[in-house]
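Participant: I have a structure I would like to understand better, so I am pasting it below and will then ask my questions one at a time.
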Amino acid sequence: MSTDTTMDTAAPYYEDPRIRHFLDNIHSLIIDEALVRGSSRETKVVEFAHPHELHEKLNLSIGDSPESDEKLLDAVRDVIRYSVKTSHPRFFNQLYSGLDPYSLAGSWVTEALNTNMHTFEVAPAFIVLEKYMIQMLCGIIGYKDGNGLFGPGGSFLNFLAINLARYHSNPDVKWSGLFGGKRMMLYASEEAHYSITKGAVFLGFGMDSVVRVKTDKNGRMCPKDLEEKIEADKQAAAWGGGALLSAKYKHLMTGVERSDSVAWNFHKMSGVPLQCSAFLVQEKDILEKCNKVNAEYLFQPDKFYDVSYDIGDKTVQCGRKADVLKLWFMWKANGNKVLGERVDDAWRKAKYLADKLCKTDRFRLVIPEFQCTNVCFWYIPPCLQGKEETPEWWSKVGKVAPLIKEGMIKEGSMMIGYQPLSNKGYVNFFRIIIENPWCSYADLDFVMEEIDRLGKNLEF
């Protein structure tokens, strides 16, 4: 039997001139198309195509023979073309936009080094970086002897928090599970993220164990209702964390130091590439106590270095991405002052838009004051202005945002999300997220002009 030894004698992969040329071309394509062109106001935020159309437009087929580098570059170019340009100054759809270039560079380095965050022996520099950043973030929050880790997004970090709360309430649950114990209840704001309900399902509590607590007109939990629900049952910072970086607005997070844990998403309001989420806890050892299972093939106690740097056993994951470098590199490149100024700038622009919305009868704020940099409002088209605001009238208002959203997506002019808020009886309204440092006041003027242009001729 013959053996192919070609790979044994070949030069290392990345010394191959063809491979280096291909990667140089990919790099240039990313810079030119995804970043420079993708953040230009002359470019569409999205070139929309329906799923069945994308099946035709994208070269999806994979065959037995390799594709040429030229065709691979064309394939990447098509992916960029039909993707949403989230660094575009008129992308307001989600809680992430405005990619920081230094953080992007850190992300590229992370991908190139391609390692795992379970032990010091395979990720020495990254683990030292993570320990440093976790302690720095705990200091910002006010945890004097805290701990933490980075994880894949805010929802997952909420799962971790629920798991820790369960362990804190009954440590025996780690060994015996939920069987035979008293039922545990989760108390959450009626506005709380849906990951709380998903976490209850995932961790075995069940959806019926989630008790929703009433909120006031600004979405804040009502303490009296919480107390009443707890008594009844006895008988029966992800987005806003960015305020901590601002000298002007950090007071909005007053009291966070009394919390048991905080989930802080740096891909929101900080310009870090998805995903970059830190889970911070006040009790230093609770992560290890709750999650540690001593996998022998990874966490040997007799290694020659300080095994306290083998941090992987304090999470429920095994493989974990090194998300810390892109955050550290961005912070180091910009410094505390610049990051704080970005937060202040986002608040100023949110206030500018809110004030301007109040000055016309075509727009109406959902709540009179915003508490972060998301501004919620209805657009009232001419056909509905000056009419009695009956339930039928509000039903028609609820149809406005989806129709205008369809228009802006098909034209690619901008992207803004909309939603109802059923527990408050609110029909669909626009929710604009302002965080991109490169969004200008003129862009916010354009938002109102474009909504008016797309909605002024609606008829119901």
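Participant: Scan the stretch 205-227 and tell me whether some residue there is in a loop (DSSP other than H, G, I, E, B), buried (at least 19 other Cβ atoms within 10 Å of the Cβ), modelled with pLDDT of 85 or more and out of contact with any strand residue (DSSP E or B) (no Cβ under 9 Å at 6 or more places or on another chain).
Facilitator: Taking every residue of the stretch 205-227 in turn, none turns out to be in a loop (DSSP other than H, G, I, E, B), buried (at least 19 other Cβ atoms within 10 Å of the Cβ), modelled with pLDDT of 85 or more and out of contact with any strand residue (DSSP E or B) (no Cβ under 9 Å at 6 or more places or on another chain).
Participant: Where the second residue is basic (Lys, Arg) and not in a helix (DSSP H, G or I) and the first is in the same structural domain as Asp285 (by TED's automatic domain parsing) and surrounded by 16 or more Cβ atoms within 10 Å (Cβ to Cβ) and lies in the stretch 301-313, which pairs have Cβ atoms under 8 Å and are six or more apart or on separate chains?
Facilitator: Asp310/Lys303; Gly312/Arg320; Asp313/Lys292
Participant: Looking only at residues that are in contact with a helix residue (DSSP H, G or I) (Cβ under 6 Å, 6 or more places away or on another chain) and of a type in the set (S, T, N, Q) in the stretch 84-118, which one is surrounded by the fewest Cβ atoms within 10 Å (Cβ to Cβ)?
Facilitator: That would be Thr110.
Participant: Considering each of Val211, Val173 in turn, give the residue that is in contact with a Phe, Trp or Tyr (Cβ under 6 Å, 6 or more places away or on another chain), more than 21 Å from Asp310 (Cα to Cα) and β-branched (Val, Ile, Thr).
Facilitator: Of Val211, Val173, the one residue that is in contact with a Phe, Trp or Tyr (Cβ under 6 Å, 6 or more places away or on another chain), more than 21 Å from Asp310 (Cα to Cα) and β-branched (Val, Ile, Thr) is Val211.
Participant: Here is a follow-up. Lys396 passes all but one of (1) of a type outside the set (A, V, I, L, M, F, W, C); (2) under 28 Å from Gly271 (Cα atoms); (3) at pLDDT 95 or above; which number fails?
Facilitator: (2)
Participant: For the stretch 119-129, enumerate the residues that are among the small types (Gly, Ala, Ser) and surrounded by fewer than 21 Cβ atoms within 10 Å (Cβ to Cβ).
Facilitator: Once the filter is applied, which keeps residues that are among the small types (Gly, Ala, Ser) and surrounded by fewer than 21 Cβ atoms within 10 Å (Cβ to Cβ), the stretch 119-129 yields only Ala125.
Participant: Output yes when any residue across the stretch 187-195 is farther than 21 Å from Asn423 by Cβ, under 23 Å from the mean Cα position of the chain (by Cα) and surrounded by 12 or more Cβ atoms within 10 Å (Cβ to Cβ), and no when none is.
Facilitator: There is no residue in the stretch 187-195 that is farther than 21 Å from Asn423 by Cβ, under 23 Å from the mean Cα position of the chain (by Cα) and surrounded by 12 or more Cβ atoms within 10 Å (Cβ to Cβ).
Participant: Could you please find all residues in the stretch 159-176 being surrounded by 19 or more Cβ atoms within 10 Å (Cβ to Cβ) and either more than 16 Å from Ser209 (Cβ to Cβ) or hydroxyl-bearing (Ser, Thr, Tyr) (or both)?
Facilitator: Leu160, Leu164 - these are the residues of the stretch 159-176 that are surrounded by 19 or more Cβ atoms within 10 Å (Cβ to Cβ) and either more than 16 Å from Ser209 (Cβ to Cβ) or hydroxyl-bearing (Ser, Thr, Tyr) (or both).
Participant: Now for a separate question. Identify, by number, the condition in (1) surrounded by 17 or more Cβ atoms within 10 Å (Cβ to Cβ); (2) under 24 Å from the mean Cα position of the chain (by Cα); (3) not β-branched (Val, Ile, Thr) that Phe363 doesn't meet.
Facilitator: In the conditions (1) surrounded by 17 or more Cβ atoms within 10 Å (Cβ to Cβ); (2) under 24 Å from the mean Cα position of the chain (by Cα); (3) not β-branched (Val, Ile, Thr), Phe363 misses (2) alone.
Participant: Looking only at residues that are surrounded by 20 or more Cβ atoms within 10 Å (Cβ to Cβ) and touching a helix residue (DSSP H, G or I) at 6+ places or on another chain (Cβ under 7 Å) in the stretch 130-147, which one is nearest to Met117 (Cα to Cα)?
Facilitator: Glu130
Participant: List, please: which pairs have Cβ atoms under 6 Å, are six or more places apart or on different chains, and start with a residue in the stretch 327-351 that is of a type in the set (A, V, I, L, M) and end with one that is assigned to a helix (DSSP H, G or I) and surrounded by 15 or more Cβ atoms within 10 Å (Cβ to Cβ)?
Facilitator: Met330/Tyr102; Met330/Ser103; Ala333/Tyr102; Leu339/Leu245; Val343/Gly242; Val343/Leu245
Participant: Name the residues in the stretch 268-313 that are at pLDDT 90 or above and of a type in the set (S, T, N, Q), would you?
Facilitator: Hits for the stretch 268-313 are Gln275, Ser277, Gln282, Asn291, Asn294, Gln300, Ser308.
Participant: For the condition under 22 Å from the mean Cα position of the chain (by Cα) and farther than 17 Å from Met330 by Cα, what is the one hit in Gly142, Gly106, Gly153?
Facilitator: Result: Gly153 is the single residue among Gly142, Gly106, Gly153 that is under 22 Å from the mean Cα position of the chain (by Cα) and farther than 17 Å from Met330 by Cα.
Participant: While we're looking at this one, here's another question. I'd like to check which helices (runs of 4 or more DSSP H) are fully inside the stretch 75-192 and have at least 3 residues that are closer than 28 Å to Glu231 by Cβ.
Facilitator: 154-169
Participant: Let me ask something else. Condition first: at pLDDT 95 or above and in a loop (DSSP other than H, G, I, E, B). Now tell me which residues in the stretch 413-433 satisfy that.
Facilitator: Correct list: Ser413, Met414.
Participant: Now, a different point. I'm trying to understand the selection: among the residues of the stretch 1-44, which are at pLDDT 90 or above and aromatic (Phe, Trp, Tyr)?
Facilitator: Phe22
The values are calculated or read from the model by the stated rules, or taken from the named source; none is laboratory data. Keep in mind it's a predicted model, so treat the numbers as computed, not measured. Cβ: placed from backbone, ideal geometry, glycine included. Neighbour counts: every protein chain shown.
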